[in-house]
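This report refers to the structure that appears directly beneath it.
Laboratory data are not the source of any read-out in this text; all were calculated from the coordinates shown. Owing to the predicted nature of the structure, the values given are computational and were not obtained by experimental measurement. Cβ sites come from the backbone with ideal geometry, for glycine too, and all protein chains shown count toward neighbours.
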Amino acid sequence: MASFSSVLLPLHQPAASGGQPLQQQVPYGPPVSLTPQTAKRLLQQHKEWVHAAVFTAEGLCVAATFSEPVEFQAVARAFSSRQTAISEGVEFLGCVYSVMRYAPSIIICRRGNGEDTEGLALLKGLSRMGEELLLLAVYRPPTVSASAVSQMRRFFESHLGTLPTLRLPETIESLLARQRLAFTGST
């Protein structure tokens, strides 16, 4: 099982054989200087997130804005099967959220209706040390999923690591390319 330091902070420079420091390929972004305490403080700055957490795919909580116990490993398992996630939803703090959107690196869920509704979003990416990290946020109106996910993406890439690039299917890419060509050709 990973420790907090292996997720966010290298405790020492990895050494190659011969005792010399090993040069690592680190994904783009600011230098690694995030502690669990700093991560929690940064999560708390997002007032539109009712609850937020950063945790590993193995279920180790790195930082959370709430103290209630959560089975993070069960939440992380939502990424293991699209069919199961959609049919069973995602359970968090005793509530089951229905999955509205599912992609390999993002899950968007909702529970309730009308004014009594809240959304839950999960993002999965890699820490600067190469370990899978998940960012969870729960939000309520007037915050909508598009806004929350956009904020989460910026948070992840600014403070935690990298997210996979989402690509459109090739048929849609070619349609958009034809439309761009038609638009620029007609001006």
Among Tyr97, Tyr102, what is the fewest-to-most ranking by other Cβ atoms within 10 Å? Tyr102, Tyr97
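Please list, by residue number, every one of the chymotrypsin sites (Phe, Trp or Tyr not before Pro) in segment 122-179 that is coil in DSSP and has at most 16 other beta-carbon atoms within 10 Å.
Within segment 122-179, no chymotrypsin sites (Phe, Trp or Tyr not before Pro) qualify (loop, at most 16 other Cβ atoms within 10 Å).
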Around Ala76, under 11 Å between beta carbons, what's the net of Lys plus Arg minus Asp minus Glu among the other residues? -1
Got a sec to turn the phi values of segment 117-125 into Karplus ³J(HN,Hα) couplings, 6.51 cos²θ - 1.76 cosθ + 1.60 with θ = phi - 60°, whole Hz, x for Gly and Pro? 9, 8, x, 9, 10, 10, 10, 10, x
By count of other Cβ within 10 Å, fewest leading, how are Ile172, Ile107 ordered? Ile172, Ile107
Exposure proxy ranking, count of Cβ atoms within 10 Å, fewest first, for Lys124, Lys40, Lys47: Lys47, Lys40, Lys124
Fully extended contour minus Cα-Cα distance, from Ser67 to Phe183, at 0.36 nm per residue: 36.4 nm
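Volume per residue, Å³, of the convex hull around the alpha-carbon atoms of segment 99-187? Working shown, then result.
Values: hull volume 13.8 nm³, N = 89.
Spelled out: Cα convex hull of segment 99-187, divided by residues, is 155 Å³.
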Going by amide H atoms built from the backbone, whose H comes under 5 Å of the H on Gly89, apart from near neighbours? Val99
Round to a whole angstrom and tell me the spacing of the C-alpha centers of segment 143-178 and segment 96-126. 15
Local electrostatic count at Tyr102 - Lys and Arg +1, Asp and Glu -1, tallied over other residues with Cβ under 15 Å: +4
For segment 29-185, the convex hull over Cα atoms projects on average to an area in nm² of 11.5
